[in-house]
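What follows is one structure encoded as C-alpha cells, with my remarks underneath.
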Amino acid sequence: MTFTMRTVGQPTFLTSPLLDRCGGVAHGFSTRLGGVSVPPWDSLNLGVGRGDDMDHVLENYRRFCGAIGVDAGRTVLSRQVHEDHVLIASEKDAGKGLFRERDYLTDAIITNVPGLALTVFSADCGTVLLYDPVTRCVGAVHAGWRGVANGVLRKTALEMGRVYGAKPEDLRAAFGPSIGQCCFETDDDVPQAMRAAFGNEAEPFFQRRGPKWHVDLKGLNARWLLDLGVPSGQVDICDLCTACRTDLFWSYRKVGNVRGAQAAMIALN
C-alpha cells in the first residue's frame, strides 16, 4: 500500500492509509524536511542527544507533533539499544526523553493511555507502528537487523496481547521508511542470524550479489506478524528506501553518525 506524503505547516511526513482508515489514532513517520535545525542536522531532526541545539530539537517536535495532532509534552521517547525490551508506558512516562530523563532502555513501547505519543527513531533501521482498534492499544517498535533477528516486533505484539488482550487478527501494522534490499549490503553474519531466527523461511529474503548479500529486512520483519496470524491485508509496508532517498531521509549507511534522525510516532486519540 502506498503511504501518503503530507505537508502540514512546515513539516513533511508520511502516514499509512491502513491506520488512517481505522480512525481513533494519530500517527506519522517524519522526513528530514520542515524543521529549523542547521547542517548536519538539517532540518527536521527529532533525535535527542545528537549534538543538535536542543532549542532547535524542541521546535522541531512542536512542529511535527502539531502537524500530526499530538501533544509534544506527552511524548514518550525510546532509548534504543538494539535489544527486545518492551516498555509498558503509563501516564507517569509522559514527556520522558524530551522534557524529563528516560529511566529505561527500550526499543519498543506499548500503551493504552490516550494521548501518550509513543516515539521510536531511525536512520535506516525499521520502525513499525501497531494499533488494535478493538482493545484500543498502540505500540511503536524500532528494529534494525539485530531487532529483526531477535524478534522484537513479535515480542511487542505478544506483549500487547498479554497486557491489553490484543489479538493478532485485530492488529494493524504500519512499517515506515527504512533501508531496502536494494541498499542493505552485508556479509554472512546477517543471513546467518536470520536463518537462526526463521529457518528456511528466511531464504526468499536474501539475494547474493558477488561477495555480498542483500537482505530484505522489511519482508523478514513482517514475517513475525504474519506467522502470529496478523492478516496480510492489515500489514502496510512503505516501499521507500532511506538510503536511496537522502533528499527525504537521513541514512546511516550514506552519511554516517553525524546527522539527524527520523521519528515514527503514534498516539490514541
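Quick note: the coordinates plus some simple rules give every number you see, no bench work behind them. Since the model is a prediction, treat every value here as computed from it, not as a measurement. Neighbour counts are summed over all protein chains in view; Cβ atoms, including those assigned to glycine, are modelled from backbone coordinates with ideal geometry.
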For the stretch 204-209, in order, what is each residue's ³J(HN,Hα) by Karplus, 6.51 cos²θ - 1.76 cosθ + 1.60 with θ = phi - 60°, in whole Hz (x at glycine and Pro)? x, 9, 10, 10, 8, 10
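May I ask you to list, by number, the DSSP H helices of the chain whose Cα span along the axis is at least 24 Å and whose average Kyte-Doolittle hydropathy reaches -0.5 or more?
Numbers: long enough: none.
Result, helices passing both filters: zero.
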Can you compute the label reach from residue 253? Point 7 Å from Cα along the Cβ direction, backbone N cut-off under 16 Å, restricted to the stretch 197-214. 205-214
Distance (nanometres) between label positions extended 7 Å along Cα→Cβ at residue 188 and residue 53: 5.1
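Compute, for the stretch 42-105, the length of the dipole vector about the Cα centre, with Cβ point charges of +1 (Lys, Arg) and -1 (Asp, Glu) only. Units Debye, rounded to 20. Numbers along the way, then the final one.
Details: 9 positive and 12 negative charges, 32 e Å.
In total the dipole reaches around 160 debye.
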Comparing 173, 72, 193, which has the greatest mean-square fluctuation in the GNM of the chain with Cα pairs linked when under 10 Å apart? 193
Pop out the ³J(HN,Hα) list for the stretch 74-87 in order, Karplus 6.51 cos²θ - 1.76 cosθ + 1.60 with θ = phi - 60°, rounded to Hz; leave Gly and Pro as x. 10, 6, 10, 8, 5, 10, 8, 9, 6, 10, 10, 5, 10, 8
Could you give the nm distance between label points at residue 2 and residue 162, where each point is 7 Å from its Cα heading toward the beta carbon? 4.1
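Summing -39500 (n - 2.57) over the DSSP H runs of n ≥ 4 in the chain and dividing by its residue number, what mean residue ellipticity at 222 nm do you reach, to the nearest 500 deg cm²/dmol?
Working: 7 runs with 66 residues, N = 269.
Helices in the chain give a 222 nm mean residue ellipticity of -7000 deg cm²/dmol.
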With bins 10 Å wide starting at 0, give me the P(r) of the chain over every alpha carbon pair, in whole percents. 8, 33, 38, 19, 3, 0
Give, in nm to one decimal, the length gained when the segment between residue 38 and residue 83 is fully stretched (0.36 nm per residue of separation minus the Cα-Cα distance). 13.1 nm
For residue 218, list the lysines whose Cα falls under 21 Å from its own Cα; do not include residues on the same chain fewer than 8 positions away. 155, 254
Return a whole-number percent for the relative contact order of the stretch 130-269, with Cα pairs under 8 Å and 6 or more residues apart as the contact set. 29
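What does the extension gain come out to for residue 91 and residue 244, with contour length at 0.36 nm per residue minus their alpha carbon separation? The partial results should precede the final answer.
On the way: separation 153, 0.36 × 153 = 55.08 nm, distance 3.84 nm.
Gain in length upon complete extension: 51.2 nm.
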